[in-house]
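J.: Encoded as structure tokens, here's the structure I'll be asking about.
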2 protein chains.
Amino acid sequence: MAPPNKKIILVTNDDGITAPGLHALVEAVKDLGEIVVVAPDSPQSGMGHAITINHPLRLDKVEMHGDHVWYQSSGTPVDCVKLAIDKILHRKPDLCVSGINHGSNSSINVIYSGTMSAAMEGAIEGIPSVGFSLLNYSMDADFSPAAAYARVIAKNVLEKGLPTGSLLNVNIPNAGLDEIKGVKICRQAMAKWVEEFDERMDPNKRKYYWLTGKFINQDKGEDTDEWALSNNYVSIVPVQFDFTAHHAIPFLNTLSYEL
Amino acid sequence: MAPPNKKIILVTNDDGITAPGLHALVEAVKDLGEIVVVAPDSPQSGMGHAITINHPLRLDKVEMHGDHVWYQSSGTPVDCVKLAIDKILHRKPDLCVSGINHGSNSSINVIYSGTMSAAMEGAIEGIPSVGFSLLNYSMDADFSPAAAYARVIAKNVLEKGLPTGSLLNVNIPNAGLDEIKGVKICRQAMAKWVEEFDERMDPNKRKYYWLTGKFINQDKGEDTDEWALSNNYVSIVPVQFDFTAHHAIPFLNTLSYEL
């Protein structure tokens, strides 16, 4: 597909193929290699690392920009990465970038995020992978500062690679380029959501619920992504897909498991 | 709901409320506390850490066993845990158990697993949480050896708790009680799936794809869950929801992020 010396960059997201953040990301990285976009045909926020196993998937080429290859799929962000490798590229791309997400994926949000799951899937496949998110949920957000940082970070990763077993979770504050103070390498803040379900009644008098919630950060560390973002830094958290809690192993070995 | 001294145990799964593995798990832990089941109303395998944010959720009480409280939800396994806490229990349960899954969630499968995501959601909420999976996909599998180990492990966790920020991923070999050699505390094996999509044509001559794949374990370590399971041990991997790849931070700090 690409000339032998040209890098292939796979671009995906979870807000769907029409999302402005996806188009901003394509523009940001287009001169770094040959761009192949494979994105969900509809929004997939909150899909976590879901895959589609119980129904068939669609994958269709779309004419979006004349000079790039764009596909849309009925699947999740993770499905898009798998389909791209097996059915479109027939090889691993040199870089996988996901986003730019409309809204934060900092701290615990990494777990629920389709944007980050696509990047994690790339990393599991051995592809240097990065997810980008802007702290603005609006469809008419200004993505240009986020795009500028996305370009620099993508270029770094293409040239230098990433440590084995890691990918990057990049969040960009909702601020102008002149207000953003730079980049901080961070750890994931130990924050969480406190949920409340909004209870309503349908016309047939059956209850239904909308998920709502409040984000609580109890982690006061100045080495966290939440600290960086609230101080107008771009946060980069290296993420791993080895979930083993090594610190818990000695305690577990003290217990008895006799039936 | 329960007498003040009685422990509350939340039971969920991803195979849905009618799955034999869920019923086996309820039977295994029912004498350890008051049981509240909140499970998906249909199978949710492969849902990862998905949550439902773009459409409303149903939650209905069902009459399944006279002496326990059973609810089904239209949501994902993670939604079930959130709904249970906010709308049913109005407090944190003393233990959250998920499963027994019909099929393995060892090694990299932890990432795609709805069973494990429910347990991870419990852990994020600060609840001691365990996911159980049997290495047999069949609906008529014999869950009794798995249930025996589930009981012992649940009892341990209820009595002793778990180290901060951790939950347990328990997989049980598909073998008789007399063949299972005991329990091993393990790390997650660095294994992966090599995907292939099965391409077909619908009656309207449009292509569609089924996800298929082959599991590859290139990790030869004898401290992994894959090693334990293939040697007829029950594997327990402590899992964390801090995904930070701390080992990658020094390298990332050597790079320049100047625009």
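J.: Give the residues of the range A:77-110 that are touching a Lys or Arg at 6+ places or on another chain (Cβ under 6 Å) and part of a loop (DSSP other than H, G, I, E, B), sorted by residue number.
T.: A:Asp94, the sole residue that qualifies.
J.: Moving on. Identify, by number, the condition in (1) at the interface with chain A (Cβ under 9 Å from one of its Cβ atoms); (2) on the phi < 0 side of the Ramachandran plot that B:Gly126 doesn't meet.
T.: It is condition (2) that B:Gly126 fails.
J.: If you go through the range A:227-259 one residue at a time, how many are farther than 24 Å from B:Leu168 by Cβ and surrounded by 23 or more Cβ atoms within 10 Å (Cβ to Cβ)?
T.: First, pick out the residues of the range A:227-259 that are farther than 24 Å from B:Leu168 by Cβ: A:227-238.
From the residues that got through so far, the ones that are surrounded by 23 or more Cβ atoms within 10 Å (Cβ to Cβ) too are A:228-229, A:234-238.
Adding up the residues that qualify gives 7.
J.: Inside the range A:56-83, can you point out the residues that are facing chain B (nearest Cβ under 9 Å) and under 22 Å from B:Asp79 (Cβ atoms)?
T.: The answer is A:Ser74, A:Gly75, A:Thr76, A:Val78, A:Asp79.
J.: Continuing with this model, one more query. If a residue has to be under 14 Å from the mean Cα position of the chain (by Cα) and free of Cβ contacts under 8 Å to residues at least 60 places away in the same chain to count, how many in the range B:1-32 make the cut?
T.: 1
J.: Out of the residues in the range B:166-183 that are surrounded by 21 or more Cβ atoms within 10 Å (Cβ to Cβ) and within 11 Å of another protein chain (Cβ to nearest Cβ), state the one that is nearest to A:Ala191 (Cα to Cα).
T.: B:Ser166
J.: OK, next. Does any residue in the range B:232-249 that is more than 19 Å from B:Ile108 (Cβ to Cβ) come within less than 7 Å, Cβ to Cβ, of a residue that is polar (S, T, N, Q) and modelled with pLDDT under 95 six or more places away or on a different chain, and which pairs are these?
T.: none
J.: Further question: Test B:Val26 against the stated conditions and say whether it is surrounded by 17 or more Cβ atoms within 10 Å (Cβ to Cβ) and β-branched (Val, Ile, Thr).
T.: On the way: surrounded by 17 or more Cβ atoms within 10 Å (Cβ to Cβ): yes; β-branched (Val, Ile, Thr): yes.
Considered against the rule, which asks whether it is surrounded by 17 or more Cβ atoms within 10 Å (Cβ to Cβ) and β-branched (Val, Ile, Thr), B:Val26 comes out as yes.
J.: Right, here's the next one. Of the residues that make up the range B:200-218, is at least one acidic (Asp, Glu), surrounded by 14 or more Cβ atoms within 10 Å (Cβ to Cβ) and in contact with a strand residue (DSSP E or B) (Cβ under 8 Å, 6 or more places away or on another chain)?
T.: The initial filter retains those residues of the range B:200-218 that are acidic (Asp, Glu), namely B:202.
Then keep just the ones that are surrounded by 14 or more Cβ atoms within 10 Å (Cβ to Cβ); that gives none.
No, the range B:200-218 has no match at all.
J.: Among (1) under 28 Å from B:Glu159 (Cα atoms); (2) touching a residue at least 60 places away in the same chain (Cβ under 8 Å); (3) within 18 Å of the chain's Cα centre (by Cα), where does B:Ser45 come up short?
T.: Of everything listed in (1) under 28 Å from B:Glu159 (Cα atoms); (2) touching a residue at least 60 places away in the same chain (Cβ under 8 Å); (3) within 18 Å of the chain's Cα centre (by Cα), B:Ser45 misses just condition (1).
J.: Further question: Report yes if some residue within the range B:84-102 is within 9 Å of another protein chain (Cβ to nearest Cβ), over 17 Å from B:Asn169 (Cβ atoms) and free of Cβ contacts under 8 Å to residues at least 40 places away in the same chain; otherwise report no.
T.: Going residue by residue through the range B:84-102, those that are within 9 Å of another protein chain (Cβ to nearest Cβ) are B:85-87.
Now narrow it down to the ones that are over 17 Å from B:Asn169 (Cβ atoms): B:85-87.
Restricting the remaining residues to those that are free of Cβ contacts under 8 Å to residues at least 40 places away in the same chain gives B:86-87.
Yes; the residues of the range B:84-102 include at least one that is within 9 Å of another protein chain (Cβ to nearest Cβ), over 17 Å from B:Asn169 (Cβ atoms) and free of Cβ contacts under 8 Å to residues at least 40 places away in the same chain.
J.: Taking the range A:111-158 on its own, how many of its residues are farther than 21 Å from B:Trp193 by Cα and either in a strand (DSSP E or B) or in contact with a Phe, Trp or Tyr (Cβ under 6 Å, 6 or more places away or on another chain) (or both)?
T.: Residues meeting the conditions: 6.
J.: Of all residues in the range A:39-76, count the ones that are in a loop (DSSP other than H, G, I, E, B) and closer than 27 Å to A:Tyr137 by Cα. Step through it out loud before you land on a result.
T.: Going through the range A:39-76, the residues in a loop (DSSP other than H, G, I, E, B) turn out to be A:41-56, A:58, A:63-68, A:74-76.
From what's left, closer than 27 Å to A:Tyr137 by Cα: A:41-52, A:63-65, A:68, A:74-76.
The total comes to 19.
J.: OK, next. Identify all residues within the range B:215-257 that are at the interface with another protein chain (Cβ under 7 Å from one of its Cβ atoms), within 18 Å of the chain's Cα centre (by Cα) and assigned to a strand (DSSP E or B); write none if there are none.
T.: Within the range B:215-257, B:Ile236, B:Val237, B:Pro238, B:Val239, B:Gln240 qualify.
J.: Which pairs do you get when a residue that is touching a residue at least 12 places away in the same chain (Cβ under 8 Å) and more than 7 Å from every other protein chain (Cβ to nearest Cβ), found in the range B:151-165, comes within reach of a residue that is of a type in the set (Lys, Arg) and surrounded by fewer than 17 Cβ atoms within 10 Å (Cβ to Cβ), reach meaning Cβ atoms under 8 angstrom, with the pair 6+ apart or on two chains?
T.: Qualifying pairs under 8 Å: B:Leu158/B:Lys7.
J.: Run A:Ile35 past the list (1) within 21 Å of A:Ala150 (Cβ to Cβ); (2) aliphatic (A, V, I, L, M); (3) touching a residue at least 40 places away in the same chain (Cβ under 8 Å); (4) not in a loop (DSSP other than H, G, I, E, B) and report the number of the one that doesn't hold.
T.: (3)
The values are calculated or read from the model by the stated rules, or taken from the named source; none is laboratory data. Quantities reported herein were computed from a predicted structural model and do not represent experimental measurements. With ideal geometry, Cβ positions are generated from the backbone for all residues, glycine too; neighbour counts draw on all protein chains shown.
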